[in-house]
Structures are given as C-alpha cells and as structure tokens.
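Since the structure comes first, as structure tokens, the remarks are kept for the end.
The values are calculated or read from the model by the stated rules, or taken from the named source; none is laboratory data. Since this is a predicted model, take the numbers as computed values, not measurements. So basically every Cβ, Gly included, is an ideal-geometry build from the backbone, and we count neighbours across all protein chains shown. These area figures cover heavy atoms from the full protein model, side chains too; ligands, DNA and RNA do not enter into them. Shrake-Rupley method; radii C 1.70, N 1.55, O 1.52, S 1.80 Å.
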Amino acid sequence: MKTTLTDPSETTTQATQWTPADVVAAVRATPMTAAQYADVILAIRESIPNLLPIDKTLKKRMNWAQRLTPRFVQSMATGLETSPVWQASADATPLELRQNLERSDELRPLAEQADALNTVVRFTTDYHHFVAADKARVAFNVGQKLGGKEGKVIAPHLNIARESLPKRHKAAAAKFLAETAVQPGKE
C-alpha cells in the first residue's frame, strides 16, 4: 500500500499496482517461514481463474486421455469444421476442442513448476524426518544400554518410544533399531 499525505491531519491510502515481475522480485527478496510460503502458494492458487475442483471419478478417463496427443485433438477439431452433423453427433465444436487444448497448454508450465516444487519440498520433508528418525534410533539404542540412575531417568521415554514402534513389522523395526550407522570407509 502506498500512503500519500494530502493534509497534515488526513491520511489516504491507494492500492499500489504491482506487476508480476514486482511480485516475483518481492518474493525472492523477502525471507519467509514455511507457513508464509504456504500462504503465498495459497494466494496464487486462489487467484488462478477457472481451476476445477478435483473429481476423482474422472481420474481413470483423464489418465487414458493423456495418451492422446494434442495433434489428435487438433485433427478432430479440423475435421469437425467440415461437418455440422458430425459436430452434433459428437456433441463438440471445433472451438470447444481448441479452447480446452489451449487452456491445457496455458496451465502446463504452472503445473510443471508446481510439480517440481512439490518434489523438492517432499524430498526435503522426508530428508529431515529421516535425519530426526535416524538420530532418534541411535539415541534409543544408546538409552537401552544405559544403566543405573541415568537408565531409570530415561526409562519412561524408552517405554513410550517402544510403544510407538510400528506394530505390524516388529521384527523389521527391531532390526532397524539395532542397525548401527555405517562408518565411512567400512562399506
């Protein structure tokens, strides 16, 4: 927001017109938390016109349609121009086919960037969970071997950790917990 003073006792505000380049530069220049980045992504998602709600009943047909190339759709659009009877029987117009294909092409770069962001964020999330779980596993193993006063102090925490292990694969969980970190050069 841009503030301008017209009178010493009066303040008015006007909306600043930002270009997309200004928004991109501001996002790149502003340090943000993960929650703030999520707000930016939500704002982008909410501002894109005509996004459709997800309909899982169409998923199988949509996956099948991905096999058909844009050339196929263009060919059908050109063919439909030649026959009004064909248009009526197919319940499709050449303009309709071309508009849907254009919308798909228009959104594709956004989808690719969103997929790339999702892949990187998921890997980073999984990596940090892996590091925390691996360090917790080492701490659990060390804690089980402690005795005396220290062992008694941490016993409730070990019991809680033991209870939260996956139930279906206790043997695999026990093996995972028993593994020690591979030392560099000993592989």
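Observations, loosely collected:
- Distance in nm between pseudo-label sites at residue 126 and residue 18 (7 Å out along the Cβ direction from Cα): 3.3 nm
- Accessible surface for residue 164 stands near 90 Å², nearest 10, in the context of the full protein assembly shown (1.4 Å probe).
- Ordering 110, 165 by accessible surface, largest first, gives 110, 165; the 1.4 Å probe counts only protein heavy atoms, with every chain in place.
- Sites residue 73 and residue 107 - FRET efficiency at Förster radius 25 Å, r taken between beta-carbons, to 0.05: 0.95
- Modelled spin labels at residue 64 and residue 95, positioned 7 Å past Cα toward Cβ, are 2.9 nm from each other.
- Projecting the Cα atoms of 155, 92, 165 onto the dipole axis of the stretch 32-167, where Lys and Arg carry +1 and Asp and Glu carry -1 at the beta carbon, places 155 farthest toward the positive end.
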